[in-house]
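K.L.:
Take a look at this one; I'll ask things after.
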Amino acid sequence: MNELQRQAYLSALGIENYAPRWLLPSAPVPATCVMPVFDIPVATVETSPAAFVAAAMNPNSESNTPVPNLLTTIVDLAEQKKAPLAINAAAILQQLEEKKAPVVQPFSLTVYRPQPGFLIIDSRNTKLALPTEVLLSNILRAHFQKMQFALGEEVLRWPMIENRFVSRTEDDARNELQTWLAVENELRPIHTLWLMGESAARYWLDPENDWAAKCWTEQPIKDSSLQTLILPSLNQLLQSPAQKSRLWACLP
């Protein structure tokens, strides 16, 4: 049995490879199969310079001697000399990084529920340490007049789950916060919604909408039946008191 026969035998049995590891008692000693040798006659072709020149000078010659194709030979030699293109792993990684969407840094929002069905989401910036609750209390007192309201704040952080292996693009933030608002509306139906500041509004509005252009107006929430009033953040109102007059005119 030669090597080709052995491989065909193993293939018929469904065995990819086999090699004896132990010699069993009374078993014949395994022998290495050799590859068969085939005698293939090779015809010699005269390619001497004189024959090549003679054939080139007399293309109509009836000689049966084949003439090598010079152009094909040159192309074959050129392809053999071509070095394989080097794969630059650093360049590939750089291209992948360039295609990635920008990463959004973690941020937090302040959520107020002054009355059932009334939700206020404000951009949060604790570094300024401004009296935002006092300003909001005055705004709500003027808005509700004699009606009672509660002023307790909740902090909504994004990402809601700390996992460094999860992507943090703007689309990720928009999807997660829109899901949160949809669930909030299911659990506690919302009839009035204020989004104050760019960070509070940009993830619930259509990506094509500019927050500055939509400020002081009512806008629909993306993929929702809710309407929201877009306002500057409490910190912006405290830093720019001139905007308060526009706020009073904007409130219903």
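K.L.:
Quick check: pseudo-label points 7 Å beyond the Cα along Cα→Cβ at L23 and H191, how many nm apart are they?
P.N.:
9.6
K.L.:
On to the next question. Label V103 and E208 with points 7 Å out from Cα along Cα→Cβ: what is the distance between them in nm?
P.N.:
Computed distance between label sites V103 and E208 equals 3.1 nm.
K.L.:
Something else: For region 183-188, take each phi angle, set θ = phi - 60°, evaluate the Karplus expression 6.51 cos²θ - 1.76 cosθ + 1.60, and give the result in whole Hz per residue in order, putting x for glycine and proline.
P.N.:
With the stated coefficients, region 183-188 comes to 5, 4, 5, 6, 6, 9 Hz.
K.L.:
Using Cα pairs closer than 8 Å and at least 6 residues apart in sequence, work out the relative contact order for region 164-252, in percent. Please report the intermediate quantities before stating the final value.
P.N.:
Working: 81 pairs, mean separation 22.8, N = 89.
About 26 percent, as a whole number.
K.L.:
Another question, then. May I ask you to list the trypsin sites (Lys or Arg not before Pro) in region 137-217 that are in a DSSP loop and have at most 14 other Cβ atoms within 10 Å of their Cβ?
P.N.:
Details: sites: R141, K146, R157, R164, R168, R174, R202, K214; in loops: K146, R164, R168, R202.
Taking region 137-217 and a limit of 14 other Cβ atoms within 10 Å, the loop trypsin sites (Lys or Arg not before Pro) found are K146, R164.
K.L.:
Shifting gears a bit: For region 180-252, report the accessible area per residue in Å² (1.4 Å probe, heavy atoms, rounded to an integer).
P.N.:
Working: 3900 Å² over 73 residues.
Accessible area per residue, region 180-252: 53 Å².
K.L.:
Check each of the chymotrypsin sites (Phe, Trp or Tyr not before Pro) in region 157-204 and keep only those in coil by DSSP with at most 10 other C-beta atoms within 10 angstrom; list them in order. Provide the component values of the computation, followed by the final result.
P.N.:
Values: sites: F165, W180, W194, Y203, W204; in loops: F165, Y203, W204.
Listed in order of number, the matching sites are F165.
K.L.:
Further question: Take E3 and E170, extend 7 Å from each Cα along the Cα→Cβ direction, and tell me the distance between the two endpoints in nm.
P.N.:
It is 6.3 nm.
The values are calculated or read from the model by the stated rules, or taken from the named source; none is laboratory data. Quick caveat: nothing in here was measured; it's all calculated off a predicted structure. For neighbour counting, all protein chains shown are included, and Cβ atoms are generated from backbone atoms with ideal geometry for every residue, glycine included. To get the accessible areas, we keep the full protein, side chains included, count just its heavy atoms, and leave off ligands, DNA and RNA. Shrake-Rupley method; radii C 1.70, N 1.55, O 1.52, S 1.80 Å.
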